[in-house]
Amino acid sequence: PAPTPSFPLPSQHSQQAYDPAADFTSKWTRADAKQIMAQSNPNVTPGQNSMSPTVTMPEIPKDFPAMNDDVWVWDTWSLTDENANQISYKGWDVIFALVADRHAGYGFDQRHWNARIGYFFRKTNADPAKDKWNYGGHLFLPNSSIGNTEWSGSTRLMQGNKINVFYTATTFYDVAERNAGGGGIAPDAVIAKALGNIHATKDGVTFDGFEHTKLLEPDGKLYQNKAQNPGFAFRDPYTFADPAHPGKTFMVFEGNTGGTRGSYKCKQEDLGYRPGDPHAESLDTVNNTTGAWYQTANVGLAVADNKDLTKWSFLPPILSANCVNDQTERPQIFIQNENGKNKYYLFTISHQFTYADGMRGPDGVYGFVGNGVRSDFQPVNNSGLALGSPTDLNMPANAPEGPDPRQNGRQFQAYSHYVQPGGLVQSFIDNVDGVRGGSLSPTVKINFQGGVTQVDRSFGQNGLGPFGYLPTNVRVGGEGLY
Ligand code: FRU
């Protein structure tokens, strides 16, 4: 819909592609993100959903099933190849997820401090509505990964039965911090990988032989480090090939703009208002009165320097959200052919509580489209919002551990959305009207083309597909065997 008169117009973005190594970072601007409110209904009954149904995830029922009774499950990803295809390996679908013990005496909100990568498998031709995912346990042996906590990443099948697990090695130094959920000594975070073997038999899938390599630590220049901000973000590696640059392997990840926390000054290009827009904020007002400069998310880019993918170099971020939002998490690049041309969709998840002063948006997945991996990205639907949990954006932002009872009870129903081939969007259940999750959500479908996305409500039941539906679209080995 057209912006209502009291809102600024979105920034103009050309979608022009630049060389991946070029010093150009696309801006998700305040003018762009203000379209979220411009497109939200200011007059809903308090606590209803104020967003357009086209960007609202359908409501998850409160009586959702638990995927596993022993572990909470959150951020999840499939076994893929370098083109984001989801691989069936010798007749098995395999997924990887952050897991934490449900019976260890800490609560769901302490999961981050106790996270390990677990895996699940099920037959490729299983009925997704009936057949459960089999839990295979932790992927790595105890105390074998780099760091003491394993955060998100991605897993790629390489030659033969070799897999590369790219992950975030987070190290906490403080037992109190792990048990209390924050506030102690700041953790370290590095991006790492583990090369290992996948084995499939008629009984299931196992892994062994992992060799762990540290790949990247934040440099403090392009990417903020711990000395500059104890709450820095440096995580969630996702690797891919770009048909425009054959033979190269790239990685996107979550970062923050380099520099000491609080020292950033918002720039005109972070605001992104069109010249003469009567609803533009002035740079002085934003820099002198808001505190918006504390929010400095970016989506980082790195390129592999060798075929083994053990050596990487940073490139400038492909997107920044300076003065807009502090976290652009679990980024992924999804290339789609539109009218004979490759369009690069960058998807990333973000929260309501990480928005900058003066900005408001829901927990969900955000999208950007351009002509290359480094582009002047156009935010989808002009705002960037692709799919949010039902939220009354007229009310102040909350966090999942302490929602306002007057808010829509489903504002935190799901998070960590991951866009799969065919527009299937998978996520985990966080808080459905007070019932905490720790299990995979019903998969939903978005259709996207030309930078416009739309929830497909004809998919599944009123838009909700099977719980934890992560189908494979490419088969490797084992045809007819199982
Ligand atoms: C997203 C996230 C990731 C991180 C993980 C830690 O839900 O914040 O960025 O890797 O959760 O639990």
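Descriptive notes on the structure:
- Qualifying residue in the stretch 345-358 (condition: more than 21 Å from Trp77 (Cβ to Cβ), in contact with a Leu (Cβ under 9 Å, 6 or more places away or on another chain) and touching a residue at least 12 places away in the same chain (Cβ under 8 Å)): yes
- Residue in the stretch 25-42 that is more than 27 Å from Cys323 (Cβ to Cβ), touching a residue at least 24 places away in the same chain (Cβ under 8 Å) and part of a loop (DSSP other than H, G, I, E, B) present: no
- Restricting attention to the stretch 190-241 and to residues that are aromatic (Phe, Trp, Tyr) and within 16 Å of the ligand (Cβ to nearest atom), the residue that is farthest from His112 (Cα to Cα) turns out to be Tyr223.
- Pairs are defined by a Cβ separation below 8 Å, a sequence spacing of at least 6 or placement on different chains, a first member in the stretch 303-319 that is on the phi < 0 side of the Ramachandran plot, and a second member that is among the acidic types (Asp, Glu); the pairs so defined are Lys311/Asp305; Trp312/Asp305; Ser313/Asp305; Phe314/Asp219; Pro316/Asp23.
- Of all residues in the stretch 367-402, those that are small (Gly, Ala, Ser), closer than 20 Å to Ala233 by Cβ and not in a strand (DSSP E or B) total 3.
- Filter result for the condition that a residue is in contact with a Phe, Trp or Tyr (Cβ under 7 Å, 6 or more places away or on another chain) and not aliphatic (A, V, I, L, M), over Gly402, Gly422, Gly465, Gly434: Gly465
- Those residues of the stretch 124-154 which are away from the ligand (no atom under 14 Å from the Cβ) and not in a loop (DSSP other than H, G, I, E, B), in sequence order: Asn134, Tyr135, Gly136, Gly137, His138
- Selection status of Ser416, in contact (Cβ under 8 Å) with a residue 12 or more places away in the chain and within 15 Å of the ligand (Cβ to nearest atom): yes
- Among the residues listed as Gly451, Gly367, Gly384, Gly388, the single one being out of contact with any Phe, Trp or Tyr (no Cβ under 6 Å at 6 or more places or on another chain) and more than 16 Å from the ligand (Cβ to nearest atom): Gly451
- Checklist (1) part of a loop (DSSP other than H, G, I, E, B); (2) more than 16 Å from the ligand (Cβ to nearest atom) applied to Gly422, failing item: (1)
- Yes/no for Asp109 being more than 14 Å from the ligand (Cβ to nearest atom) and acidic (Asp, Glu): no
- Scope the stretch 289-313; condition part of a loop (DSSP other than H, G, I, E, B), under 27 Å from Thr249 (Cβ atoms) and not aliphatic (A, V, I, L, M); matching residues: Asp305, Asn306, Lys307, Asp308, Thr310, Lys311
- Qualifying residue in the stretch 145-154 (condition: surrounded by 20 or more Cβ atoms within 10 Å (Cβ to Cβ), touching a Leu at 6+ places or on another chain (Cβ under 9 Å) and either β-branched (Val, Ile, Thr) or at pLDDT below 95 (or both)): no
- Sole residue being touching a His at 6+ places or on another chain (Cβ under 8 Å) and hydrophobic (A, V, I, L, M, F, W, C), chosen from Val286, Val205: Val205
- Selection count, the stretch 314-366, where residues are outside any strand (DSSP E or B), within 29 Å of Asp284 (Cα to Cα) and of a type in the set (Gly, Ala, Ser): 3
- Lys214 falls short on exactly one of the conditions (1) surrounded by fewer than 21 Cβ atoms within 10 Å (Cβ to Cβ); (2) out of contact with any helix residue (DSSP H, G or I) (no Cβ under 9 Å at 6 or more places or on another chain); (3) in contact (Cβ under 8 Å) with a residue 24 or more places away in the chain; (4) closer than 27 Å to Ser427 by Cα, and that condition is (4).
- When each of Gln426, Gln413 is tested for being crowded, with 24+ Cβ neighbours inside 10 Å and closer than 24 Å to Val44 by Cα, the lone residue that passes is Gln413.
- Among residues of the stretch 242-277, those that are within 30 Å of Asn337 (Cβ to Cβ) and either more than 16 Å from the ligand (Cβ to nearest atom) or among the β-branched types (Val, Ile, Thr) (or both), counted: 11
- Filtered by the rule that a residue be of a type in the set (A, V, I, L, M) and more than 30 Å from Phe334 (Cβ to Cβ), the stretch 248-292 gives Ala280, Leu283, Val286.
- Here Asp404 meets each of (1) surrounded by fewer than 21 Cβ atoms within 10 Å (Cβ to Cβ); (2) of a type in the set (Asp, Glu); (3) farther than 17 Å from Tyr355 by Cβ with one exception, condition (3).
- Ala292 farther than 26 Å from Thr168 by Cα and either among the hydrophobic types (A, V, I, L, M, F, W, C) or within 25 Å of the chain's Cα centre (by Cα) (or both): yes
- Residue match in the stretch 76-96 (condition: more than 16 Å from the ligand (Cβ to nearest atom) and part of a helix (DSSP H, G or I)): no
- Among residues of the stretch 289-345 being among the aromatic types (Phe, Trp, Tyr) and either touching a helix residue (DSSP H, G or I) at 6+ places or on another chain (Cβ under 9 Å) or within 16 Å of the ligand (Cβ to nearest atom) (or both), the one that is farthest from Met359 (Cα to Cα) is Phe334.
- Among residues of the stretch 338-362, those that are closer than 22 Å to Pro421 by Cα and either of a type in the set (Ser, Thr, Tyr) or in contact with a Phe, Trp or Tyr (Cβ under 8 Å, 6 or more places away or on another chain) (or both), counted: 7
The values are calculated or read from the model by the stated rules, or taken from the named source; none is laboratory data. All values derive from a computational prediction rather than experimental measurement. Because the Cβ atoms are built from the backbone with ideal geometry, glycine has one as well, and the counts that use them run over all protein chains shown.
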